[in-house]
Structure formats: structure tokens, C-alpha cells
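The next block holds one structure in the form of C-alpha cells; read it before the comments.
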Amino acid sequence: MNTLSVAVVGAGYWGPNLARNFAGSPDWRLAAICDLDLARAEQLAHRFAGAEAVTDLAAVLADPSIDAVAIATPARTHHAVALAAIAAGKHVVVEKPLADSKQKAREMVAAARTAGVVLMTDHTYCYTPAVLKIRELIEAGELGDILFVDSVRINLGLVQPDVDVFWDLAPHDLSIIDFVLPGGLKPLSAAAHGADPLGAGKACIGYLTLPLPSGAVAHVHVNWLSPTKIRKMIIGGSRRTLVWDDLNPQQRLSVYDRGIDLETQALDGLERRAATVSYRLGDTWAPALSEREALDAMASEFATAIREGRHARTDGEAGLRVLAVLEAASRSLESGGDPSRLEPEKELAGDLA
Ligand SMILES: NC(=O)c1ccc[n+]([C@@H]2O[C@H](COP(=O)([O-])OP(=O)(O)OC[C@H]3O[C@@H](n4cnc5c(N)ncnc54)[C@H](O)[C@@H]3O)[C@@H](O)[C@H]2O)c1
């Protein structure tokens with residue numbers, strides 16, 4: 001198995017976490033740290049033998065020994081840095097959010113497709129043992145058909161200067177829902193209701209409703225003003241229901257063999273139908289989870305996608321779908337909560353047409 005070389009671009013708050021995980025991975029050689037601020041790049045590069053500190057992105061991209069670039073610069077710069085890297089034939093992993101607009105994300109997805117390189121979004125939560133297990137259980141049919149997803153992410157949070165609570169917190173829920181639902185998150189519309197009871201000038205409390213094509217529904221509740229912290233997702237299925245409580249390390253995941261079965265029968269041939277409702281009250285169990293750090297699993301997925309010439313599990317399209325839903329949520333919020341329609345094929349395909 002050949003080792004791949006990566007340069008981390010951006011050595012601020014998050015870049016060091018990427019650098020540490022790439023440096024510790026058997027799949028990767030951390031070749032360079034690039035930051036506009038040389039002192040920052042040097043300070044980080046010194047921690048890893050063989051990593052060079054540079055300020056010039058063009059020099060990194062011109063180096064044929066570097067296979068991939070990991071971008072941890074501010075979101076507004078992702079588009080320019082990623083397009084330059086893709087044009088140089090590098091595989092790219094971009095920190096979330098993939099870009100600061102859906103249009104820019106589409107351009108990035110299209111460019112990577114044309115160049116034949118891997119474009120991955122680091123939706124870090126998706127690589128936590130709990131979320132990987134949820135995806136595995138749904139994929140194996142353990143929950144049956146998905147009927148609803150209810151996600152709550154509330155705490156006493158910092159009111160952000162540049163974004164509302166939807167853009168600050170909901171990307172986590174949306175990227176996770178996108179990751180665990182077979183085929184990804186492709187809602188028919190997004191209806192967002194927000195409240196700003198303190199007069200902060202933006203929504204500090206948000207409710208987002210996403211009807212899914214199957215008739216199921218996903219709902220996300222985000223809030224900066226809650227004195228208690230809740231990080232919970234309930235995924236209801238036709239066979240079982242799963243509850244993920246991220247703040248309960250003893251039992252993050254619980255699977256309930258409980259639910260409602262509805263059988264309809266034709267009473268007299270065609271016209272009249274009767275519904276029989278029965279309740280299942282079975283066992284609850286807690287799946288075992290590994291202890292692996294999410295960014296280590298992310299780095300390994302990036303390497304495997306490159307080696308196998310396939311899309312990463314959180315690919316550019318996943319980043320684009322999250323941005324499309326967030327933009328639809330903002331449109332809905334502006335219109336006072338009217339559902340804003342999403343057209344999956346057109347909006348989410350990454351085509352520029
Ligand atoms: N996955 C996660 O859980 C997670 C957590 C935190 C932040 N992030 C994401 O990581 C990214 C970076 O966030 P941060 O908090 O580390 O930002 P930051 O401001 O702390 O650091 C950004 C760094 O990038 C450098 N930089 C800016 N433009 C550059 C360019 N063109 N070329 C080279 N270097 C450049 C800056 O000098 C700075 O050192 C954001 O997209 C953020 O959303 C992800």
C-alpha cells in the first residue's frame with residue numbers, strides 16, 4: 001500500500017487537528033503546512049518531522065510529490081483554494097462548510113468531476129463511531145423504512161456575528177442526516193421558522209421541517225438560548241427506532257424494538273378499508289461502539305477513496321446538498337416560513353447548467 005502525501009492549508013484553530021491526524025495515519029505522509037502567516041505554519045510544521053512550512057500555495061500545488069490538499073482556511077476562501085488545487089490535479093478534502101454558497105459548491109463539484117480527482121467534504125461528525133454505526137444499522141435494514149428523523153441541538157451558545165442559528169448549528173444535523181439516509185438528504189422542500197426574542201438581529205431559535213420524497217419527514221431544532229444542552233437524534237423506522245444521545249457516553253445509541261404496525265384490509269372488495277393498529281413493545285439494546293477518533297477515520301476514508309478511484313462517503317455532493325438545504329431554509333425564513341422547494345436533480349447534481 002503506497003503512502004499518499006498531503007499538504008494542510010490553514011494552520012489556525014482547526015488545521016492542527018487535521019495535521020495531527022494525517023501525520024499519525026499509516027495512509028498518509030504530512031508533507032507541508034501552508035498558511036499565509038509563516039509563523040503559524042512554522043509553529044505547526046515543527047511538531048511533525050518532515051513537514052515543511054510554506055506560505056505560497058502555488059509552490060505546494062506545483063510539487064508533483066504532493067497527492068492531496070486538506071483545506072482548513074475560512075469558508076469564504078474554500079472555493080478559490082480548492083479550484084486551484086483541483087486545476088493542479090490534486091485530490092482535495094475541504095473543511096465544512098464546503099463553500100459559502102451553493103453556487104460555489106456546484107462549481108467545485110463540477111471541476112473535480114471534470115478533473116477526475118476526489119473532492120471530499122470533512123463532515124467530521126459523520127466519522128464518529130456513533131454515526132458510522134447508525135449508517136451501518138440503516139444500511140443493513142435494521143430500522144426498516146425510515147419514517148421520521150428528529151434532531152435537537154440546543155444549548156447556551158454564542159450569538160455569532162455573521163450567521164444565524166440555522167447556519168451555525170444545523171449544518172451538523174443536516175450532514176449527519178445526509179450521511180445516514182440511503183441516497184442522501186434530498187428533501188422536497190424546506191420550511192424554516194425562526195425567532196429572535198432578544199432582538200439580536202437574527203434567528204437565535206430555529207425549527208426546520210424537511211419533507212422527504214418517501215413520505216417521511218426530517219425535523220431539526222436548533223437553539224442558542226437554551227440553558228440545558230441537548231444533542232439528540234431520533235430516527236424512527238418501520239421495524240425499529242433508534243435514539244442517539246451524544247451527551248450520554250455510557251449509552252450513546254439505543255435501539256428500540258417498539259413501534260406501531262398498521263395493517264389495512266379491504267372490507268368488501270375495493271371500496272371500504274379498515275385499519276388495524278397494533279403496538280410492538282419489544283426489547284431495547286445498546287450497540288457497541290469503537291473508540292476511534294473521527295478525524296482519523298476521515299483521513300483513512302479520504303485515502304481509500306483516492307486509491308479506489310471512488311467518491312468519498314462525504315463527497316463534494318454531500319457538502320452541496322447541505323448548502324442547498326441551508327439556502328432553501330434562508331429563503332423560507334425570509335418569506336415567513338413558507339416551504340421553499342428544492343429540486344434535487346437540478347439543485348444538487350453539481351451540474352452548472
Ligand atoms: N470539522 C469541524 O468540526 C470544524 C471545526 C472547526 C472549524 N472547522 C472549519 O475549519 C475551517 C477553518 O476554521 P478555523 O476556525 O480553523 O479558522 P481560523 O481563522 O482559526 O484559521 C484559518 C487559517 O487559514 C489561514 N488562511 C486564510 N486564507 C488562506 C489562504 N488563502 N492560504 C493559506 N492560508 C490561509 C489563516 O491565516 C489562518 O491561519 C472553517 O471552514 C471551519 O468551518 C471545522
> So, by mean Cβ neighbours within 10 angstrom, what's the order for 65-71, 307-313 with the highest one leading?
Replying inline: 65-71, 307-313
> Tell me, what is the per residue accessible area of the chain in Å², probe radius 1.4 Å?
Replying inline: 46 Å²
> When the dipole is taken about the Cα centre of region 1-115, and only Lys, Arg (+1) and Asp, Glu (-1) are charged at their Cβ, what size is it in debye, to the nearest 20?
Replying inline: 420 debye
>> Could you work out how much longer the chain between Glu142 and Thr276 gets when fully extended? Use 0.36 nm per residue separation minus the Cα distance between them, nm to one decimal.
In response: 45.9 nm
>> Would region 198-281 count as rounded, prolate or oblate if I go by the C-alpha gyration tensor, calling it rounded below 1.5 in a/c and otherwise prolate when a/b exceeds b/c, oblate otherwise?
In response: oblate
> Sorted by average packing, counted as other Cβ atoms within 10 angstrom per residue and highest first, what order do 39-48, 276-285, 204-213 take?
Replying inline: 204-213, 39-48, 276-285
>> So if each residue of separation counts as 0.36 nm, and I subtract the Cα-Cα distance between Glu263 and Tyr13, what length gain in nm does that give?
In response: 84.6 nm
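Could you give the length gained on full extension between Val159 and Asn2, defined as 0.36 nm per residue of separation minus the Cα-Cα distance, in nm?
Separation in residues times 0.36 nm, less the Cα-Cα distance, equals 52.0 nm.
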> Ala200: net charge of surrounding residues, Cβ under 13 Å, Lys/Arg +1, Asp/Glu -1, itself excluded?
Replying inline: -3
> Based on the mean of other beta carbon atoms within 10 Å per residue, what is the order of 131-140, 243-252, most packed first?
Replying inline: 131-140, 243-252
>> Give me the net charge for the shell around Thr284: Cβ to Cβ below 10 angstrom, other residues only, Lys and Arg +1, Asp and Glu -1.
In response: 0
> So for the chain, taking the charge dipole from beta-carbon charges (+1 Lys/Arg, -1 Asp/Glu), which of Phe48, Ser151, Ala190 sits furthest toward the positive end?
Replying inline: Ser151
> Rounded if a/c is under 1.5, else prolate if a/b is larger than b/c, else oblate: which is the chain, with a ≥ b ≥ c the root eigenvalues of its Cα gyration tensor?
Replying inline: prolate
> Can you list the lysines whose alpha carbon sits under 27 Å from that of Lys186, skipping same-chain ones fewer than 8 residues off?
Replying inline: Lys96, Lys102, Lys104, Lys133, Lys202, Lys232, Lys346
>> Given an 8 Å cut-off on Cα distances and at least 6 residues of separation, report the relative contact order of the chain as a percent.
In response: 19 percent
> Farthest toward the dipole's positive end in region 126-290, which of Ala218, Trp285, Leu169, given Cβ charges of +1 (Lys, Arg) and -1 (Asp, Glu) about the Cα centre?
Replying inline: Trp285
> Ignoring any ligand, DNA or RNA, what whole percent of the accessible area of the chain comes from carbon and sulfur when the probe is 1.4 angstrom?
Replying inline: 53 percent
> Given +1 on the Cβ of Lys and Arg, -1 on the Cβ of Asp and Glu, and no further charges, what dipole in debye does the chain carry about its Cα centre, rounded to the nearest 20?
Replying inline: 260 debye
> In debye to the nearest 20, how big a dipole does region 126-290 give about its Cα centre with +1 on each Lys and Arg Cβ and -1 on each Asp and Glu Cβ?
Replying inline: 220 debye
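The values are calculated or read from the model by the stated rules, or taken from the named source; none is laboratory data. This is a predicted model, so every value here is computed, not measured. Positions of Cβ are backbone-derived with ideal geometry, glycine not excepted, and every protein chain shown enters the neighbour counts. Ligands, DNA and RNA are stripped out before the accessible areas are found, and what is left, the full protein with its side chains, is counted by its heavy atoms. Shrake-Rupley method; radii C 1.70, N 1.55, O 1.52, S 1.80 Å.
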